[in-house]
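Asker: The structure is given below, and queries will be raised subsequently.
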Amino acid sequence: MSAPLPWQADAWAAWSARLAAGRRGQALLVSGPHGVGKTALVERLAAGLLCLAPPAPGAACGACTACRQHAAGSHPDLIVLRPDPGQDGPLAHYPVQAAQLEPGRSTRVISVEQVRALIEHLTRRARPGGTRLAVLWPADALAEAGANALLKILEEPPENAMLVLIAHRPGLLPATVRSRCQFLRVAVPPAAVADAWLAQEVGEAPRRALALALGGGAPLLAAELAREDPAALWVAVAQGVEAVLAGADPLPVAQRWQGFPAERVERTLYAWLRHQLTAGRTNLAMTHPAGTVESPPPPRRFSLTRAAVLLEELESLRRLSRVALSQPLAWEALLIRTAQAP
Ligand SMILES: [Zn+2]
């Protein structure tokens with residue numbers, strides 16, 4: 001058995017080598033940017049950990065009772081902890097915890113109550129020879145109190161229990177939690193590998209190139225973005241920022257951006273900024289879908305000060321609630337501060 005996605009071969013090899021050497025550990029932190037397939041990798045490694053007759057370290061036989069239960073999402077020793085149990089998407093078929101189903105709970109953080117229920121799950125005895133497995137996804141959503149409660153179990157892990165944390169931004173986790181985990185990192189693949197994989201889903205090369213640029217090279221995220229007409233937003237953002245930098249009124253630009261989900265505008269701004277900073281080294285024409293805009297102007301010099309200001313503005317918006325972004329005011333302020341920077 002190999003990694004579920006072509007660019008995960010190194011991560012998979014590292015994992016199976018650890019298992020072969022008897023260094024499984026009791027807490028694993030799987031990290032990597034959004035859209036590189038961390039949950040797909042975790043599903044596969046969970047199958048291997050639960051399998052009763054693994055044919056090789058890390059692999060699952062696919063035929064035993066445990067493998068069948070895992071595939072059906074009904075394995076009694078596996079549980080997923082996540083902020084919003086009702087959410088679709090990866091791992092949605094895994095059992096979630098009863099504590100997560102309390103009404104009126106915030107669906108953005110993993111709370112201390114949830115972590116306590118998880119500890120209960122892990123300290124119950126697994127079936128003879130089996131492993132009790134808990135997956136936290138995304139682990140970045142752990143509230144401070146939740147992380148503290150988790151420390152208890154990381155310090156004295158029960159026998160035959162294993163915790164898998166999945167994080168886009170592992171730096172957000174307390175160092176005390178990170179230091180008790182083994183790491184498994186899934187990196188963004190080389191551009192050619194990402195493009196070849198994406199070509200199975202998206203036929204047009206310019207659309208693929210733009211989606212990959214917007215997704216920071218992460219193939220699964222790019223696939224998602226490619227479905228949403230990324231060109232319209234790229235044009236709105238690129239032309240909008242350039243117009244404001246050239247002296248245009250920022251308000252109409254901000255209002256136009258309101259027509260798109262805030263998260264997508266934010267992502268596009270990051271991509272635009274990355275593009276400005278690497279201009280001359282990457283080919284802008286690749287990221288302008290043919291026919292949607294005239295051939296791109298030569299990249300303007302974008303001062304580092306200005307880039308720093310824009311980056312700072314984006315980071316502070318990210319820290320604020322998304323609610324703030326539902327007002328064109330936030331975009332207008334960002335544009336004004338960027339334009340004012342020397
Ligand atoms: Zn099996």
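The values are calculated or read from the model by the stated rules, or taken from the named source; none is laboratory data. Bear in mind that the values here come from a model prediction, so they are computed numbers and not experimental data. Here the Cβ is made from the backbone with ideal geometry for all residues, glycine too, and neighbour counts use every protein chain on show. Ligands, DNA and RNA are excluded from the accessible area calculation, which covers all protein heavy atoms including side chains. Shrake-Rupley method; radii C 1.70, N 1.55, O 1.52, S 1.80 Å.
Asker: Taking the condition of being assigned to a helix (DSSP H, G or I) and polar (S, T, N, Q), how many residues in segment 123-148 meet it?
Answerer: Within segment 123-148, the subset assigned to a helix (DSSP H, G or I) is 123, 139-141, 144-148.
Filter once more, so that each one left must be polar (S, T, N, Q): 123, 148.
Of the residues in that region, 2 qualify.
Asker: Might you check whether a residue that is in contact with a Phe, Trp or Tyr (Cβ under 7 Å, 6 or more places away or on another chain) and modelled with pLDDT under 85 occurs anywhere in segment 259-273?
Answerer: Step one: list which residues in segment 259-273 are in contact with a Phe, Trp or Tyr (Cβ under 7 Å, 6 or more places away or on another chain), which gives 265, 268.
Among the residues that remain, those that are also modelled with pLDDT under 85 are: none.
There is no residue in segment 259-273 that is in contact with a Phe, Trp or Tyr (Cβ under 7 Å, 6 or more places away or on another chain) and modelled with pLDDT under 85.
Asker: Within segment 149-188, track down each residue that is touching a helix residue (DSSP H, G or I) at 6+ places or on another chain (Cβ under 8 Å), open to solvent by 60 Å² or more (accessible area, probe 1.4 Å) and assigned to a helix (DSSP H, G or I).
Answerer: The answer is Lys152, Leu172, Thr176, Arg178.
Asker: Just wondering, is there one or more residues in segment 288-301 that are among the acidic types (Asp, Glu) and at pLDDT 80 or above? Steps first, please.
Answerer: Taking segment 288-301 and keeping what is among the acidic types (Asp, Glu), we get 294.
Restricting the remaining residues to those that are at pLDDT 80 or above gives none.
The answer is no, given that none of the residues of segment 288-301 is among the acidic types (Asp, Glu) and at pLDDT 80 or above.
Asker: Is one or more of the residues making up segment 236-243 under 24 Å from Leu5 (Cβ atoms), at pLDDT below 90 and out of contact with any Phe, Trp or Tyr (no Cβ under 8 Å at 6 or more places or on another chain)? Full working, then the answer.
Answerer: If we filter segment 236-243 for residues that are under 24 Å from Leu5 (Cβ atoms), which is where we start, we get none.
So far as segment 236-243 goes, no, none of its residues is under 24 Å from Leu5 (Cβ atoms), at pLDDT below 90 and out of contact with any Phe, Trp or Tyr (no Cβ under 8 Å at 6 or more places or on another chain).
Asker: Among all residue pairs at least 6 apart or on different chains, which show Cβ distances below 7 Å where the first residue, located in segment 60-86, is within 26 Å of Val109 (Cβ to Cβ) and the second is more than 10 Å from the ligand (Cβ to nearest atom) and of a type in the set (Ser, Thr, Tyr)?
Answerer: The qualifying pairs are Gly73/Tyr94; Asp77/Thr131; Leu78/Tyr94; Val80/Tyr94; Pro83/Thr107; Asp84/Thr107.
Asker: Can you name the residue in segment 36-95 that is of a type in the set (Lys, Arg) and open to solvent by less than 50 Å² (accessible area, probe 1.4 Å) and, of all such residues, is nearest to the ligand (Cβ to nearest atom)?
Answerer: Result: Lys38.
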